[in-house]
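Peer 1: Pasting a structure below so you can have a look.
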Amino acid sequence: MKNPIYSASFITAGKKWVPVSPYFKKNVALRGEVRRAMLHISSLGVFEAKINGVRVGEDYMTPGWTSYYKRLQYFTYDVTDMLQGRCEIVVGVGNGWYSSRGGFIHTKDGMYGEFPALIAALEIEYKNGEAETVVTDESWLVARSECLFSGIYDGEIYDATVVPVYENNAEILDFDKSVLIPLEGECVREAERVAVKEIIITPKGETVLDFGQEITGTVEFKLTARGGETVRLLHGEVLDSEGNFYNANYRTARSEIVYTARAGEQSYKAIYTFFGFRYVKLLNWCCEVKREDFVGIVLHSDMRRTGYFSSGHAKLNQLYSNVIWGQRDNFLDVPTDCPQRDERLGWTGDAEVFARTASINYDTEKFYTKWLRDVMAEQFENGAIPRVVPDVLRDEKNQCSAAWGDAACVIPWELYLAYGNKRLLREHIPLMKKWVGYQYSDGAERYLWLGGKHFGDWLGLDAPVGSYKGSTDPDLIASAYFYLSTTLLIKALDVLEMKSERYKRMAERIRKAFQKRFIKRGRLTSNTQTAHVVTIHFGLVDDKPELKERLGRRLVELIEANGDRLQTGFVGTPYLLDTLTEIGRADKAYTLLLQEKFPSWLFSVNMGATTIWEHWDSVNERGEMWSTDMNSFNHYAYGSVASWLYGTVLGIKPTSPAYATFELSPIPNRALGHARCCIETRSGTVRSAWAYGDGEIRYTFEVPEGTRAHLKLTDGTDRLLDGGKYTFITPID
């Protein structure tokens, strides 16, 4: 039976009330005792529903962000217990992603539409056998709410002295209801409440709250005021070199709460938006500033935590914490690049390089399933993938980049490896085929991808002066990814017992064409760390072991010539340590992991980072900011290093989907002293740990019942382990 929400109408307060967030109200005369009541609800914008003054559900930023013209989620709530004798429904709707400005589109009309709208249906079954359905239509009343403005980038303006007056009826908005779909993703929930660590009075005399951790969410505050007093809260990620509040890197995002108080005691938290912040600057605060009057509310998609890591190296543990927080902060309904500035977009490249790490840290199956369906909805007829999904950069949609578009193949395969869902993999086959078809047809040569508009090795440190793109030949990167996506498509087709011969021939021709064009006299034509990483790691020289060994040695030489430091950007960094391990140089990978000089992962840790930075030097040792135009302190892409902690430091690598079989091949390092991790897989919890002792290394493992692990230790131990707990001790010099 079709959901009754399809019988409802989208209703709005109309353009005349912009930018005030409207309330929609309906009083329902109940016909008797209620046996069951279900509320189906969605909005163009972000809604908060209340029945008889009580909030419906625990979700925030509902109904989430989808490709609105093609897909719009609706939520269903059991509200039976809320209908006790009376039924007053009040729903507030803010601009949200629908009608806020955004995506580099700075217009008054917002990303999709000019003003928000609501659609809902309340199904009521009575104990006497009667039933009725109440739907949104012109009979609903509207009022201006206390929220005078809401925006994803700019925050909220809220006047608690406003008394809503319902004097008007709603207007019908003609919007295609066929785009409505049941909830697919993870709900955004309040995950944690963070106390103020310190109240700072800066050199400029500013009052600043330090929460001690960069979070995504909002601040809940309480105060006692005279009616009409207005306070402001500005959000920022860092302090400047002199210790003053700084948020110039937010660019045009005001990221501000403006709150006008009613008389007396009261509390408030943002309703229709979120912020990325560690610091909050108070302006015009009307009473004593006390730590206990403020709390940071962490919001993110309600994914189950599945991966855990710790070691005897305090700075590495902080790096790992930064990775976890970076994922939490940026997985708010869509995988955003950053949660704070005037961007917050679902960049496909960031999602692609982080997918493996993300799916170990958390159970991402539902999260990515919902987002990938938007990727499929936004994929162009020619197979190209937008740079961001949902695609709000519609004025620039014809630009499609390697590594970014390859999310179409990489993420479906990573999901299958992590969770073993063949049905889902089958659903993604058309997406994968169309993407590989686009790569094949877009290049100037049949088996290379040449001449496209690519981001290259974005933010690579070997970039020419004035460029954000590293020096690696973008044609080499694009052709290497063409090969990677083709091989992943082949694997997916083989798993599903579908025809793959055509793509196997294509992959072989891509590899030969790649070697002919980009390898001359045993050297890559692009002499960069990233070029060597993608060539080796993607398997482009697996058929030539001597050449692979030569390129591996050259990669190490490039690292050593740079003072044992990396130069890689968004493309090379995620695979750098894995590539070094693959060529037998895990020692060099450890050197890079534990390097503390710039550029390195631990450089940011030494600089006080609590999340992953966009740039290796978002702030340098002198306290100088990289720039104001593109400088996020909460960008998760480089956090992909955590997959190496799980997969090499502790050695847990799946060899079949959902860890039904896996490898245990830890490579310990004395600098860590000890390390342990566990991964909660679909097949059970896998544990791996090691610790240095007096002349020995003690290993402990846990293999879930019904699975099998292939144990490989550095002393040559090689055996199969069935379900159970194991301890091994190996002597060391």
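Peer 1: Of the residues in the stretch 315-334, how many are free of Cβ contacts under 8 Å to residues at least 60 places away in the same chain and outside any helix (DSSP H, G or I)?
Peer 2: 1
Peer 1: Can I ask one more? Could you tell me how many of the residues in the stretch 449-461 are under 18 Å from residue 613 (Cα atoms) and either among the polar types (S, T, N, Q) or assigned to a loop (DSSP other than H, G, I, E, B) (or both)? Show your work before the answer.
Peer 2: Within the stretch 449-461, the first condition is being under 18 Å from residue 613 (Cα atoms), and the residues that meet it are 457-461.
Narrowing further to those that are either among the polar types (S, T, N, Q) or assigned to a loop (DSSP other than H, G, I, E, B) (or both): 457, 459-461.
Of the residues in the stretch 449-461, 4 are under 18 Å from residue 613 (Cα atoms) and either among the polar types (S, T, N, Q) or assigned to a loop (DSSP other than H, G, I, E, B) (or both).
Peer 1: So, in the stretch 615-626, of the ones that are touching a residue at least 40 places away in the same chain (Cβ under 8 Å) and within 11 Å of residue 237 (Cβ to Cβ), which residue ends up surrounded by the most Cβ atoms within 10 Å (Cβ to Cβ)? Walk me through how you get there before you give the answer.
Peer 2: Kept after step one, since they are touching a residue at least 40 places away in the same chain (Cβ under 8 Å), are these residues of the stretch 615-626: 615-616, 619, 622-625.
Adding the requirement that they be within 11 Å of residue 237 (Cβ to Cβ) leaves 619, 625.
Working: 619: 24, 625: 18.
Residue satisfying both the conditions and the ranking: 619.
Peer 1: With the checklist (1) touching a strand residue (DSSP E or B) at 6+ places or on another chain (Cβ under 7 Å); (2) at pLDDT below 95 in hand, flag the one item residue 68 doesn't pass.
Peer 2: (2)
Condition check ((1) touching a residue at least 60 places away in the same chain (Cβ under 8 Å); (2) out of contact with any strand residue (DSSP E or B) (no Cβ under 8 Å at 6 or more places or on another chain)) across all residues:
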| residue | (1), (2) |
| --- | --- |
| 376 | no, yes |
| 385 | no, yes |
| 388 | yes, no |
| 404 | no, no |
| 410 | yes, yes |
| 414 | no, yes |
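Peer 1: Could you pull out the residue among 212, 236 that is under 30 Å from the mean Cα position of the chain (by Cα), closer than 30 Å to residue 623 by Cα and crowded, with 16+ Cβ neighbours inside 10 Å?
Peer 2: Going through 212, 236 in turn, just one is under 30 Å from the mean Cα position of the chain (by Cα), closer than 30 Å to residue 623 by Cα and crowded, with 16+ Cβ neighbours inside 10 Å: 236.
Peer 1: Could you give every pair whose Cβ atoms fall below 6 Å, whose first residue belongs to the stretch 59-75 and is under 19 Å from residue 101 (Cβ atoms), and whose second residue is surrounded by fewer than 21 Cβ atoms within 10 Å (Cβ to Cβ) and among the aliphatic types (A, V, I, L, M), counting only separations of at least 6 or pairs across chains?
Peer 2: 67/377
Peer 1: Another question, if that's okay. Within the set of pairs 6+ apart or on separate chains, which have a first residue in the stretch 140-157 that is in the same structural domain as residue 9 (by TED's automatic domain parsing), a second that is surrounded by fewer than 23 Cβ atoms within 10 Å (Cβ to Cβ) and basic (Lys, Arg), and C-beta atoms under 6 Å apart?
Peer 2: Close Cβ pairs satisfying both conditions: 140/26; 141/25.
Peer 1: Got a sec? Which of 456, 460, 451 is closer than 19 Å to residue 529 by Cβ and touching an Asp or Glu at 6+ places or on another chain (Cβ under 9 Å)?
Peer 2: 456
Peer 1: Tell me yes or no: at least one residue of the stretch 40-52 is at pLDDT 95 or above and over 28 Å from residue 218 (Cβ atoms).
Peer 2: no
Peer 1: Taking the stated definitions as given, is residue 78 over 25 Å from residue 216 (Cβ atoms) and among the acidic types (Asp, Glu)?
Peer 2: Yes, satisfied.
Peer 1: Could I ask something else about it? Would you be able to tell me the number of residues in the stretch 572-609 that are closer than 29 Å to residue 344 by Cβ and surrounded by fewer than 18 Cβ atoms within 10 Å (Cβ to Cβ)?
Peer 2: Residues that pass the stated criteria total 4.
Peer 1: Looking at the stretch 257-290 only, could you name the residues that are among the β-branched types (Val, Ile, Thr) and either in contact with a His (Cβ under 7 Å, 6 or more places away or on another chain) or crowded, with 22+ Cβ neighbours inside 10 Å (or both)?
Peer 2: Listed by number, the residues that qualify are 257, 273, 280.
Peer 1: Only one of (1) surrounded by fewer than 23 Cβ atoms within 10 Å (Cβ to Cβ); (2) within 30 Å of residue 669 (Cβ to Cβ); (3) not aromatic (Phe, Trp, Tyr) is not met by residue 328, so which one is it?
Peer 2: (1)
Peer 1: Then there is this: Taking into account only those residues within the stretch 182-209 that are of a type in the set (Asp, Glu) and under 20 Å from the mean Cα position of the chain (by Cα), which is farthest from residue 70 (Cα to Cα)?
Peer 2: Among those residues, the one meeting the criterion is 192.
Peer 1: Checking residue 423 against (1) among the basic types (Lys, Arg); (2) in contact with a Lys or Arg (Cβ under 6 Å, 6 or more places away or on another chain); (3) without any contact (Cβ under 8 Å) to a residue 60 or more places away in the chain, which test does it fail?
Peer 2: Condition (2) is where residue 423 drops out.
Peer 1: With the structure loaded, tell me whether residue 152 is surrounded by 14 or more Cβ atoms within 10 Å (Cβ to Cβ), within 26 Å of residue 276 (Cβ to Cβ), of a type in the set (A, V, I, L, M) and modelled with pLDDT of 95 or more or whether it fails that test.
Peer 2: yes
Peer 1: Specify the residue that is surrounded by the most Cβ atoms within 10 Å (Cβ to Cβ); the eligible residues are those in the stretch 40-77 that are more than 21 Å from the chain's Cα centre (by Cα) and among the hydroxyl-bearing types (Ser, Thr, Tyr).
Peer 2: Restricting to residues being more than 21 Å from the chain's Cα centre (by Cα) and among the hydroxyl-bearing types (Ser, Thr, Tyr), the top hit is 43.
Peer 1: When the stretch 360-383 is examined, which residues are found to be more than 20 Å from the chain's Cα centre (by Cα) and crowded, with 22+ Cβ neighbours inside 10 Å?
Peer 2: If the condition is that a residue be more than 20 Å from the chain's Cα centre (by Cα) and crowded, with 22+ Cβ neighbours inside 10 Å, then 383 is the only one that fits.
Peer 1: Another question, if that's okay. Could you tell me whether residue 612 is crowded, with 21+ Cβ neighbours inside 10 Å, hydrophobic (A, V, I, L, M, F, W, C) and out of contact with any strand residue (DSSP E or B) (no Cβ under 7 Å at 6 or more places or on another chain)?
Peer 2: Numbers: crowded, with 21+ Cβ neighbours inside 10 Å: yes; hydrophobic (A, V, I, L, M, F, W, C): yes; out of contact with any strand residue (DSSP E or B) (no Cβ under 7 Å at 6 or more places or on another chain): yes.
When the stated conditions are applied, residue 612 passes them.
Peer 1: Being crowded, with 24+ Cβ neighbours inside 10 Å, aliphatic (A, V, I, L, M) and within 24 Å of residue 451 (Cα to Cα) narrows it down to one residue among 418, 403; which is it?
Peer 2: Going through 418, 403 in turn, just one is crowded, with 24+ Cβ neighbours inside 10 Å, aliphatic (A, V, I, L, M) and within 24 Å of residue 451 (Cα to Cα): 403.
Peer 1: Quick check on the stretch 462-476: of everything there that is among the acidic types (Asp, Glu) and assigned to a loop (DSSP other than H, G, I, E, B), which residue is surrounded by the fewest Cβ atoms within 10 Å (Cβ to Cβ)?
Peer 2: Of everything passing the filter in the stretch 462-476, 462 is surrounded by the fewest Cβ atoms within 10 Å (Cβ to Cβ).
Peer 1: Would you check if there is a residue in the stretch 129-141 being in contact with a helix residue (DSSP H, G or I) (Cβ under 8 Å, 6 or more places away or on another chain) and either modelled with pLDDT under 95 or not charged (D, E, K, R) (or both)?
Peer 2: Yes, that holds for at least one residue.
Peer 1: Which condition does residue 683 not pass, out of (1) surrounded by 14 or more Cβ atoms within 10 Å (Cβ to Cβ); (2) free of Cβ contacts under 8 Å to residues at least 24 places away in the same chain, if it passes all the others?
Peer 2: So residue 683 meets the others, but not (2).
Peer 1: Filter the stretch 155-195 down to residues that are part of a strand (DSSP E or B) and charged (D, E, K, R) and give me whichever is surrounded by the most Cβ atoms within 10 Å (Cβ to Cβ).
Peer 2: My answer is 156.
Peer 1: So, of the residues in the stretch 533-565 that are among the small types (Gly, Ala, Ser) and outside any loop (DSSP other than H, G, I, E, B), which turns out to be surrounded by the most Cβ atoms within 10 Å (Cβ to Cβ)? Please lay out each step first, then the result.
Peer 2: Quick first cut of the stretch 533-565, residues among the small types (Gly, Ala, Ser) only: 539, 552, 561, 563.
Now narrow it down to the ones that are outside any loop (DSSP other than H, G, I, E, B): 552, 561.
Details: 552: 20, 561: 11.
In this case the residue turns out to be 552.
Peer 1: Kindly indicate whether any position in the stretch 632-640 is touching a residue at least 12 places away in the same chain (Cβ under 8 Å), more than 23 Å from residue 727 (Cβ to Cβ) and not assigned by TED's automatic domain parsing to the domain that holds residue 335.
Peer 2: no
A quick yes/no check of all residues on (1) touching a Gly at 6+ places or on another chain (Cβ under 9 Å); (2) over 19 Å from residue 60 (Cβ atoms):
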| residue | (1), (2) |
| --- | --- |
| 303 | no, no |
| 307 | no, yes |
| 310 | no, yes |
| 334 | yes, no |
| 345 | yes, yes |
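Peer 1: Here is a list: 695, 684, 673. Which entry is of a type outside the set (Phe, Trp, Tyr), outside the structural domain of residue 616 (by TED's automatic domain parsing), at positive phi and at pLDDT below 95?
Peer 2: 695
The values are calculated or read from the model by the stated rules, or taken from the named source; none is laboratory data. The structure presented is a predicted model; accordingly, all values stated were derived computationally and were not measured. With ideal geometry, Cβ positions are generated from the backbone for all residues, glycine too; neighbour counts draw on all protein chains shown.
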